[in-house]
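Right, one structure below, let's go through it.
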Amino acid sequence: MCGIIGYIGNEDAVPIIVEGLKKLEYRGYDSAGVAVLNDGRFDVIKKKGRLAALEVEIQNTAQNATPIHGHLGIGHTRWATHGEPSNENAHPHLGNQEKIAVVHNGIIENYHTLRARLQSKGIVFQSETDSEVIPQLAEYYYEAENNLFDTVIKVASRLEGSYALGFMCVDTPDTIIAIKKDNPLIIGVSEHGNFIASDIPAVLKHTNQVYYLNDNELAVLTKEGITFYDTDKERIHKEIETITWSMESAEKGGYEHFMLKEIMEQPMILKNTLAKTLSQPPVDITRFNRIIITACGSAYNAGVVARYVFEKLCRTPVEVELASEFRYKDAIIDEKSLVILVSQSGETADTIAAMREAKAAGASTLAIVNVVGSTIAKECDYCFFTAAGPEIAVATTKAFSAQLLVLYSLAIRFAAQLNKISPAEEKSLRAELEALPDKVNALFAHTEEIQKYAASCIGYKSIFFIGRNIDYAIALEGSLKLKEISYIHSEAYAGGELKHGTIALIEENTLVVAISTCKRLEAKIMSNVEQVASRGANILSIGARHATASAVIPLPETHELFTPSLSVVVLQLFSYYVAANKGLDIDKPRNLAKSVTVE
Ligand code: F6R
């Protein structure tokens, strides 16, 4: 999704903004722009495509002896929602009189109405975006208000939808104003100036001191300081927070891609997450008679794995729902329901909406979140943090593994509370969890083998992932990982389901990845493998050895319920190397965004 950075201070804003935008690239974007305020006017450069194109344009202005510079500015990476990626649709947007400049992350749902009203007053729009109504509306109100602060409050009161916004005005060359609703925005404080940004990495080179802006709060930034207000114009006090992770942990560290670095970090992430589970907030599961897990994408897949674990250990029925479906289904939940939300970013629009639906129905909400200070972390009743650190690659790996671990730990804890497992069983399950980081490490011995095999797979048009029981759950994640970064069509099927239709697609030159870790179901998946092999499919086997397989990646022994933590690492490496061999932009796959803050 879009990325915002703004700077006001003693230094030249342009390089700081461009540098900051680079740190937000992981969010996904298709155009970028920067506006600085200098000598009573805005200098704006916007460019479709990658940041490199914007940098060239900035250099061109310097060569033409009209370099853009200034001590306050706002920048933006845009992920197109309304209007194609183009220079005109890129942010920052200005009003007709070029008095007010704005960057926006989110979606303005009533922009049609606002745009029509402004057009009826003779205001001419330059772009197809929903966002442009904001500076146009701001300039319209500014005529009467003559004050940026009051104008921002008035504009915000007319906007429906979600937004994180940064404003500059030619009449106040010493101020940037920010406001947000349902989209993240942080405020950074450094020795040489102050920042607004969508995420911490954008400012971390300059400061580790940040404020998290809440919905309907305004930040007024000057180079000397920051003041916060609510929309009734009352001053509010906010606590500054210190970021404890370093820029280094958000850099590639010698790996070709963030995704590979993040896959390799998993043993450490699992250890850190396990340590964190010791300080999880107390939840009394006996208060609840229903557990619903809701999330999107990979986080949803973590929920599907968790259903097997919770049901097996706690003997409680668990439902897993896509957050985008849950939010509109009028779910049958009440105060005896525990709704578990899983989200790396804590900012996924559908998961936030699902959380709010659950709360409105009286349910308790428990979130498993990676980003401290995110909306879900702040609004849920119980928050369990994964300790994955910043995840930069769009395709999640380490955060997914950390989510699994927190879910396992929670299931063990609930099972103990419900007296479904003995203290000895609890101890033994916990010991299995503690052994997982070393087992993941041991798996990396197969990296070269996986890499070689993946290199031979780039020509496949379709790849199927099959498994039974919990292996089927992790097959869903394997399939998602492959399609999002390699652009090869893939599907995941429960082994037993193949013959009910999908087997019609199996022919010569189809690859079937068979995951087989459940000992008691080994013979069953074996017979599915034989069914597809006899129809010409090539087989990659993960876990058990099948006679027909062209490659087998064995897994270290662990408790059946925890095998997804091992098989997923093989699936991640496989997808990574298929995409790497195709020479694709692995960390920023086409059409995808790291944090899906729009519906
Ligand atoms: C896939 C992926 C996405 C996210 C999904 C939810 O690799 O990263 O499917 O899992 O968009 O995002 P969060 O976890 O931030 O709510």
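Per the conditions (1) within 15 Å of the ligand (Cβ to nearest atom); (2) over 15 Å from THR397 (Cβ atoms); (3) touching a residue at least 60 places away in the same chain (Cβ under 8 Å), the sole criterion not satisfied by ALA295 is (3).
Residues of the range 535-559 that are over 32 Å from the mean Cα position of the chain (by Cα), modelled with pLDDT of 90 or more, surrounded by fewer than 20 Cβ atoms within 10 Å (Cβ to Cβ) and over 19 Å from LEU573 (Cβ atoms): ARG535, GLY536. For HIS112, the conditions (1) surrounded by fewer than 15 Cβ atoms within 10 Å (Cβ to Cβ); (2) modelled with pLDDT of 95 or more are fulfilled apart from (2).
Considering each residue of the range 405-423 in turn, none proves to be within 12 Å of the ligand (Cβ to nearest atom) and either more than 12 Å from the chain's Cα centre (by Cα) or open to solvent by 20 Å² or more (accessible area, probe 1.4 Å) (or both).
Just one of the listed residues (SER157, SER162) is touching a residue at least 12 places away in the same chain (Cβ under 8 Å), part of a strand (DSSP E or B) and among the hydroxyl-bearing types (Ser, Thr, Tyr), namely SER162. Return the residues of the range 326-351 that are open to solvent by less than 10 Å² (accessible area, probe 1.4 Å), within 16 Å of the ligand (Cβ to nearest atom) and outside any loop (DSSP other than H, G, I, E, B); say none if nothing qualifies. Correct list: PHE326, VAL339, ILE340, LEU341, VAL342, SER343, THR351.
Of the residues contained in the range 125-134, one or more are found to be in a helix (DSSP H, G or I) and touching a strand residue (DSSP E or B) at 6+ places or on another chain (Cβ under 7 Å).
Based on what the data block shows, is ASP39 open to solvent by 60 Å² or more (accessible area, probe 1.4 Å) and under 25 Å from ASN194 (Cα atoms)? So ASP39 fits the description; yes.
GLY3 fulfils the conditions (1) open to solvent by less than 10 Å² (accessible area, probe 1.4 Å); (2) touching a Lys or Arg at 6+ places or on another chain (Cβ under 6 Å); (3) farther than 23 Å from VAL394 by Cα except for a single criterion, (3). If you go through the range 125-165 and keep only what is among the β-branched types (Val, Ile, Thr) and closer than 14 Å to THR231 by Cβ, you end up with THR151, VAL152, ILE153, VAL155.
Annotation note: of GLY122, GLY106, the sole residue that is farther than 25 Å from GLY225 by Cα and open to solvent by 30 Å² or more (accessible area, probe 1.4 Å) is GLY122. Just one of (1) part of a loop (DSSP other than H, G, I, E, B); (2) within 24 Å of SER374 (Cα to Cα); (3) away from the ligand (no atom under 12 Å from the Cβ); (4) hydroxyl-bearing (Ser, Thr, Tyr) fails for THR273. It is (1). Go through SER462, SER428 for me and flag whichever is of a type in the set (Ser, Thr, Tyr) and under 24 Å from GLN266 (Cα atoms). Of the residues listed, the single one that is of a type in the set (Ser, Thr, Tyr) and under 24 Å from GLN266 (Cα atoms) is SER428.
For (1) more than 16 Å from the ligand (Cβ to nearest atom); (2) surrounded by fewer than 19 Cβ atoms within 10 Å (Cβ to Cβ); (3) more than 27 Å from ALA349 (Cα to Cα), each residue gets a yes or a no:
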{"position": "ASP284", "(1), (2), (3)": "yes, yes, yes"}
{"position": "ARG287", "(1), (2), (3)": "yes, yes, yes"}
{"position": "ASN301", "(1), (2), (3)": "no, no, no"}
{"position": "LYS312", "(1), (2), (3)": "yes, yes, yes"}
{"position": "GLU321", "(1), (2), (3)": "no, yes, no"}
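Every test in (1) within 20 Å of PHE400 (Cβ to Cβ); (2) among the small types (Gly, Ala, Ser); (3) out of contact with any strand residue (DSSP E or B) (no Cβ under 9 Å at 6 or more places or on another chain) is passed by GLY254 save one, and that test is (1).
ALA62 fulfils the conditions (1) without any contact (Cβ under 8 Å) to a residue 12 or more places away in the chain; (2) buried (at least 24 other Cβ atoms within 10 Å of the Cβ) except for a single criterion, (2).
Here the condition is being in contact with a His (Cβ under 9 Å, 6 or more places away or on another chain) and either open to solvent by less than 60 Å² (accessible area, probe 1.4 Å) or assigned to a strand (DSSP E or B) (or both); of ALA32, ALA53, ALA80, it holds for ALA32 alone.
The residue list VAL220, VAL210, VAL189 contains one member that is open to solvent by less than 10 Å² (accessible area, probe 1.4 Å), over 23 Å from TYR111 (Cβ atoms) and at pLDDT 95 or above, which is VAL210.
Counting only residues that are more than 20 Å from ILE200 (Cβ to Cβ), open to solvent by 10 Å² or more (accessible area, probe 1.4 Å) and either within 11 Å of the ligand (Cβ to nearest atom) or in a helix (DSSP H, G or I) (or both), the range 378-404 holds 0 of them.
The condition (being touching a helix residue (DSSP H, G or I) at 6+ places or on another chain (Cβ under 9 Å), of a type in the set (D, E, K, R) and surrounded by fewer than 23 Cβ atoms within 10 Å (Cβ to Cβ)) is satisfied by just one residue among GLU128, GLU132, GLU145: GLU145.
The condition (being part of a helix (DSSP H, G or I) and either within 26 Å of PRO317 (Cβ to Cβ) or out of contact with any helix residue (DSSP H, G or I) (no Cβ under 9 Å at 6 or more places or on another chain) (or both)) is satisfied by just one residue among GLU426, GLU434: GLU426. None of ILE503, ILE450, ILE474, ILE485 is at pLDDT below 95, assigned to a helix (DSSP H, G or I) and of a type in the set (Val, Ile, Thr) except ILE503.
Residues in the range 366-377 that are at negative phi, more than 9 Å from the ligand (Cβ to nearest atom) and modelled with pLDDT under 90: VAL372 only. Selection of the range 84-117 for residues being within 23 Å of the chain's Cα centre (by Cα) and under 11 Å from GLU128 (Cα atoms) yields GLU84, PRO85, ALA90.
The values are calculated or read from the model by the stated rules, or taken from the named source; none is laboratory data. All values reported here derive from a predicted model rather than from experimental measurement. Cβ coordinates were reconstructed from backbone atoms using ideal geometry, including for glycine residues, and neighbour counts include every protein chain displayed. Just so you know, the surface numbers come from the protein's heavy atoms only, side chains and all, with ligands and any DNA or RNA stripped out. Shrake-Rupley method; radii C 1.70, N 1.55, O 1.52, S 1.80 Å.
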